[in-house]
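Contents: one structure, followed by commentary.
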Amino acid sequence: MGGRGRSRTQRKHFRHNRENVWKRSKPDSTQQDDGTTTTTTTTTRDPGWEPFATQNPAFDDYYKEQGIVSAEEWDVFVEVIRKPLPAAFRINSSSQFSCDIRSQLENDFVKSLQAEAADGSEVEGIRPLPWYPENLAWQSNFSRMQLRKNQTLERFHEFLKQENEIGNITRQEAVSMVPPLFLDVCPDHFVLDMCAAPGSKTFQLLEMIYQSTEPGSLPSGMVVANDVDVQRCNLLIHQTKRMCTANLLVTNHEAQHFPSCHLNKNCANAFENGVAMEPSVNQLLFDRVLCDVPCSGDGTLRKAPDIWRKWSVGMGNGLHGLQVQIAMRGLSLLKVGGRMVYSTCSMNPVENEAVVAEILRRCGGSVELLDVSSELPQLVRRPGLKKWKVRIDDGRRRQGDGRRGSPVTGLWAAMVAVRDKGTWLSSFKDVPKYRTAGITPSMFPSGKSYVDTPNNDHDPVLEEKHDNDCDGDSANGSEPKKDPESLTDVLDEELSTLPLERCMRIVPHDQNTGAFFIAVFQKLSPLPAIQKKPSSLLRQLKSNTNSHPDEVANVENQDTNGVEIHSEDVTDEKLPDAAPEAALLGNELEEVASDTDTNKMSEENELEDIQDPVDKEACSKVGGGKIKLQIQGKWRGVDPVVFFTNDAIVGSIKTFYGIDESFPFTGHLVTRNSDTDRVKRIYYVSKSVKDILELNFNGGQQLKITSVGLKMFERQSSKEGSLTQCAFRISSEGLPLLLPFITKQIVEASPIDFKHLLQYKTIKFTDFVDAEFGEKASQLMLGCCVVVLRKVDRSLSDPPQVDGSTIAIGCWRGRTNISVMVTAIECQEMLERLSVRVGTGNGSKLLETEQSSVEPGELKANVAETIEDAEIIEVATVS
C-alpha cells in the first residue's frame, strides 16, 4: 500500500475460508454404453489435496502440560474432539408457535425417529438438552448424509430448515447457548452484547427480554448488539431480523473502545420540535453485559477441523491483551449491581483464567467473581484452573498434518526461531527480555512483574504491580494470601490465590459438546481509577483554539458516573509477531478517534480524515465528479437514523387503518433517509431504544448505528398502490405488534377461506366459500388489509378479537380480489402449524399443503365435503 492506506486488514481479505472436512464430495452420475448409470465421486480440489488431519502434536503437548483434563481422561478427550459435532437447535420461546413446535418434536419426530432406530438403522434419534429450561433446546446426532437417508429424516431436515428461516427455531451449538443463561436477564434490563456476530446469542438474549410480553406490547428493556466487522454486522442483522423486534440496536465499534454515550454538560435539555425536554437517560449503562470475546477458538475443533492445522500457542498469547481490554471496557459500562459474563470458545488458560485473574486484580473489591455452581445443575461443568504456564513457541507454526507452517516475517522471526524453540515459562521472571513486549505479567497466575534493580542486574526482585491484590481477594471470598515469594520458592510454578475455581470449564467428552469457558462477574461498586486521565490529550485540546467545547467536556468527564476509561482501553496493545493471524482478529476496524467540527471542514479534508475502511467504500462519485456521501453524525458512509415526523403521512396511516390513539406513535418512528418525503420504509422503536437514540443525538452521535427498529410500514410502489388513500402498507414483521390497535381494513375469514388464501395466494371476491366474507372483503378500501383467522363461536359480523393465539396475515385488496402479501415459505409454515394443531384425521385433509389441480373459481363446487372439517379447525385454533 506504500503507506497510503489507513485501513486495517479485514476478514474479507483472507484468501482462504474455513472448509468443512466432514462434507463428502457430491456424486457424479455418468451414462455407460450399455445404458446403465454409474455414480462416481469427483472433486474439484487440487490433485495433491488431502483432508486436514485431526491431530496436532503441539496441541497435544500444550494441553497435556496445562492439565485441562486428567491423564486418565486424555484418550477419551482426544477421541471425542476428533468426531463431528452433533447438531443442536433452540426453539424461539417468544414465537407464537413455540408450544406447537415443542409438541411436534416430542410427539412426532422423537417417536418416529425412535421407531426408525428400533428397525435396526443407524439413527440415534433427537433429545432435549437436559440443562436448558422448559425443553426449548434440542440436540440431534444426525449427519447431513443421514438426514437424506430416508423419508422420515428428510422430513425432519426440511422442518429444521423451514423453521430456522422463519425464526421459530435457531440452529446453534449447544455450549454456545450457556453464557446467556447465566446472565439472568429480565424483561426490563438493558443488555450489551459486545462481540455479537453472528447473532445466535443476541437472538437468545432477545427471547429473554420478550418473556411474558403480551400481544401489542413491548418490553421495557433492550439489547445493544455490537461487532467490529461490518460484514459480520450484516450477518448479525440477518440473524436477528427473524425475531421481528423493536428493542434491538446494532452498532459497529471496536468492543474495547465502545463509547459510553453520555450527555454533554452544556446540553442540559433535549429538544424535540424546538421544545426543551428533560432527557430520559443521561448515560448509556447496562444491567447485563455479555463479553464473548474473540479467541483462538480451539473449543470448536469438532465443527471447524481446519483449526487443527492452524493452531499455535501464539494465537492465545496474542489475544490475551485484547481480551483484557474488552472485558474491562464491559465492566466500565456495567451498572453497579449488574452482572457480566465473560466467555470464550477456547480451552487455553491464558485466554481464560489469566484474563479473569487480571480483571480481579485491576478491579480490586469493586467486582466479584460469582459462584454459580448451583445454577443449571444438570449442566456438567468443571472448575477453573488455579495454576498454568505460558509457552513461547518458535517463529513457525507447528502443524499436525506435517505441512510447513507460515513463518513470521522478517529478521525477528529468524531471531525467535534461534533463541527459543518452544519454552515453558512458570513466571514472568523467566521471560527473556526480547519477548517481554508480547508476554506480559498478567498472563501468569500471580500477575506479578519482576524488574532488575540497579545494584544487582542479575538477581530478579519481585515488584508488587498491584497494591490492591489482598483487598480483591477478601472481597471475592478467598483465603488470606500467602507470601508470593515463598510460594514460588516452594513450587516450581505459580499458583493463583484468587477464587478462579468459580469459573466454569465445559469439556467435550462430558456431555458430547464443544468446549467453552465461562466466568460470571457482579459489579459491587464503581471501578477504581487505575490510570490517570489522559491529561496530555486534555492539554492539547485546551491549547487548540479550534477545539470544540464538547470535545474538552468529553475528556474531562471520561471517568464520571461510574464509567472509568483507562489508558490501556484507548490504545492498541502491541501483539506479538508470533501470532499474526490472531492479531488480525482483534484489530479489524480502526475507528474515528475524536469528534471534529465537520461544518468547518472542506469535502477534501472530510475524505482524508475517514479512517474506517467501510466509510471509504461508501464514498462514490456521481455525475460531474461530485462526491455523494451518506453521513450519520460523524460516521461517514452510514445511512442516518432520523426520527420520522411527517405528520401528513403519519396521519394518513392512522386514518386509513383506524389505528387506536392508545398506540404510541410520537417519537417511536424512525427512518434511514433524511428526506422524509421520499422514505421507502418506516421503522418502529421501543421506548428504551427511543431514549437511547435521543441520548445519542444530544451526545454528539457517538454510536455508529448499522440497524435499528422493527420495519412497520413500507411504501407501496406498484401502479395500483398509487391509487390508494394510504401509500404505505403494513409489513409482515410489524403486523403482530400493530394488530390489536387496528380497527379498519381488517376482516375475519373462515378456516376454509383462510386456508385457500394461503394456498392459492390470490382469490376473487366471488370465489370465496363464505359469500359473506367475500362481500365484506369487497367493501374494504383499495389497498393493504388484514385477514384474521376466525375462531369458534364467532360470526362474521362480530368485530375481530386479538389475543396471543390470533393468526393473521397481511393482504392486498385489489379491484376484484384479495392477494396475500406473505412470502411462500411463510405461507407454507403457517399451513404446517395449522395442520399440527388439527392433527391427523379429516382435519389434516383440509390443511394439505400440496397444490391441487382445483382452480380458485371451482372452489365452491368442490368444498362441500370439507365444510364439516372446518369446524375442527375452529376448535383447534382456540387452544
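What's the number of the condition V313 fails, among (1) of a type in the set (V, I, T); (2) surrounded by 23 or more Cβ atoms within 10 Å (Cβ to Cβ); (3) out of contact with any helix residue (DSSP H, G or I) (no Cβ under 8 Å at 6 or more places or on another chain)?
(3)
Mind checking which residues of the stretch 731-750 are touching a Lys or Arg at 6+ places or on another chain (Cβ under 7 Å) and of a type outside the set (A, V, I, L, M)?
Filtering the stretch 731-750 for residues touching a Lys or Arg at 6+ places or on another chain (Cβ under 7 Å) gives 731, 733-734, 747-750.
If the condition is that a residue be touching a Lys or Arg at 6+ places or on another chain (Cβ under 7 Å) and of a type outside the set (A, V, I, L, M), then S731, E733, G734, E748, S750 are the ones that fit.
Among the residues of the stretch 757-782, write down those that are touching a residue at least 40 places away in the same chain (Cβ under 8 Å), touching a Leu at 6+ places or on another chain (Cβ under 6 Å) and under 25 Å from D803 (Cα atoms).
Selection gives L758 alone.
Of all residues in the stretch 728-740 being outside any strand (DSSP E or B) and open to solvent by 40 Å² or more (accessible area, probe 1.4 Å), which is nearest to K791 (Cα to Cα)?
We begin by selecting, within the stretch 728-740, every residue outside any strand (DSSP E or B); these are 731-740.
When the remaining residues are screened for being open to solvent by 40 Å² or more (accessible area, probe 1.4 Å), the result is 732-733, 736, 740.
Values: S732: 21, E733: 23, P736: 17, P740: 16 Å.
Only one residue tops the list, namely P740.
If you scan the stretch 285-298, which residues turn out to be open to solvent by less than 10 Å² (accessible area, probe 1.4 Å), of a type outside the set (A, V, I, L, M) and in a strand (DSSP E or B)?
Of everything in the stretch 285-298, those that are open to solvent by less than 10 Å² (accessible area, probe 1.4 Å), of a type outside the set (A, V, I, L, M) and in a strand (DSSP E or B) turn out to be F286, C291.
Pick out, from the stretch 800-870, the helices (runs of 4 or more DSSP H) lying fully within it that include 1 or more residues that are at pLDDT 75 or above and open to solvent by 30 Å² or more (accessible area, probe 1.4 Å).
Counting at least 1 such residues, we get 824-838.
Just to be sure before I move on: is L301 under 21 Å from M177 (Cβ atoms) and at pLDDT 90 or above in the structure I sent? Full working, then the answer.
Values: under 21 Å from M177 (Cβ atoms): yes; at pLDDT 90 or above: yes.
Considered against the rule, which asks whether it is under 21 Å from M177 (Cβ atoms) and at pLDDT 90 or above, L301 comes out as yes.
Each row is one residue, and each column tells you yes or no for (1) modelled with pLDDT of 90 or more; (2) basic (K, R).
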site: P57; (1), (2): yes, no
site: V69; (1), (2): yes, no
site: V78; (1), (2): yes, no
site: A87; (1), (2): no, no
site: S112; (1), (2): no, no
site: G120; (1), (2): no, no
site: R127; (1), (2): yes, yes
site: Y132; (1), (2): yes, no
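Results for (1) touching a strand residue (DSSP E or B) at 6+ places or on another chain (Cβ under 8 Å); (2) surrounded by fewer than 19 Cβ atoms within 10 Å (Cβ to Cβ); (3) closer than 30 Å to F665 by Cβ, shown as yes or no for each residue.
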{"site": "A749", "(1), (2), (3)": "yes, no, yes"}
{"site": "F754", "(1), (2), (3)": "yes, no, yes"}
{"site": "K764", "(1), (2), (3)": "yes, yes, no"}
{"site": "E772", "(1), (2), (3)": "no, yes, no"}
{"site": "L782", "(1), (2), (3)": "yes, yes, yes"}
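Can you name every residue in the stretch 217-243 that is hydrophobic (A, V, I, L, M, F, W, C), part of a helix (DSSP H, G or I) and under 11 Å from the mean Cα position of the chain (by Cα)? Outline the logic, then answer.
If we filter the stretch 217-243 for residues that are hydrophobic (A, V, I, L, M, F, W, C), which is where we start, we get 218, 222-225, 228, 230, 233, 235-237, 243.
Those left that are additionally part of a helix (DSSP H, G or I): 230, 233, 235-237, 243.
Hits for the stretch 217-243 are C233, L235, L236, I237.
With a cut-off of at least 2 residues that are closer than 20 Å to A225 by Cβ, name the strands (runs of 3 or more DSSP E) lying wholly within the stretch 667-720. Step through it out loud before you land on a result.
Details: elements: 669-671, 681-684, 705-708, 710-715.
Answer list for the stretch 667-720: 681-684, 705-708, 710-715.
I'd like the full set of residues that are open to solvent by less than 10 Å² (accessible area, probe 1.4 Å), in contact with a strand residue (DSSP E or B) (Cβ under 8 Å, 6 or more places away or on another chain) and either within 14 Å of E501 (Cβ to Cβ) or modelled with pLDDT under 95 (or both), limited to the stretch 355-380.
V356, L360, L369, V372
Can you tell me which residues in the stretch 697-743 are at pLDDT 90 or above and under 30 Å from L333 (Cβ atoms)?
Within the stretch 697-743, L703, K704, I705, T706, S707, V708, G709, L710, K711, M712, E733, L737 meet the criteria.
What single numbered condition from (1) open to solvent by 40 Å² or more (accessible area, probe 1.4 Å); (2) more than 30 Å from W812 (Cβ to Cβ); (3) modelled with pLDDT of 75 or more fails to hold for I631?
Failing condition for I631: (3).
Looking at this structure, is I209 in contact with a strand residue (DSSP E or B) (Cβ under 8 Å, 6 or more places away or on another chain) and open to solvent by 30 Å² or more (accessible area, probe 1.4 Å)? Steps first, please.
On the way: in contact with a strand residue (DSSP E or B) (Cβ under 8 Å, 6 or more places away or on another chain): yes; open to solvent by 30 Å² or more (accessible area, probe 1.4 Å): no.
So I209 does not fit the description; no.
Of the conditions (1) surrounded by 20 or more Cβ atoms within 10 Å (Cβ to Cβ); (2) more than 26 Å from the chain's Cα centre (by Cα), K386 fails just one. Which one is it?
Going through (1) surrounded by 20 or more Cβ atoms within 10 Å (Cβ to Cβ); (2) more than 26 Å from the chain's Cα centre (by Cα) one by one, K386 breaks only (1).
Scan the stretch 411-435 for residues that are open to solvent by 60 Å² or more (accessible area, probe 1.4 Å) and either outside any helix (DSSP H, G or I) or modelled with pLDDT under 50 (or both) and jot them down.
Scanning the stretch 411-435 gives L411, W412, M415, V418, R419, K421, W424.
Every residue in the stretch 725-784 that is of a type outside the set (A, V, I, L, M, F, W, C) and closer than 12 Å to Y657 by Cα, please.
Just the residues of the stretch 725-784 that are of a type outside the set (A, V, I, L, M, F, W, C), to begin with: 725, 729, 731-734, 736, 740, 743-745, 748, 750-751, 753, 755-756, 759-762, 764, 766-767, 770, 772, 774-776, 778-779, 783.
Of everything in the stretch 725-784, those that are of a type outside the set (A, V, I, L, M, F, W, C) and closer than 12 Å to Y657 by Cα turn out to be Q725, R729, P740, T743, K744, Q745, G783.
The values are calculated or read from the model by the stated rules, or taken from the named source; none is laboratory data. Just so we're clear, the structure is a prediction, and the values are computed from it rather than from any experiment. Methodologically, a virtual Cβ is constructed for each residue, glycine included, from the backbone with ideal geometry; neighbour enumeration extends over all protein chains shown. Note: accessible area is taken over every heavy atom of the protein model, side chains too, but ligands, DNA and RNA are not part of it. Shrake-Rupley method; radii C 1.70, N 1.55, O 1.52, S 1.80 Å.
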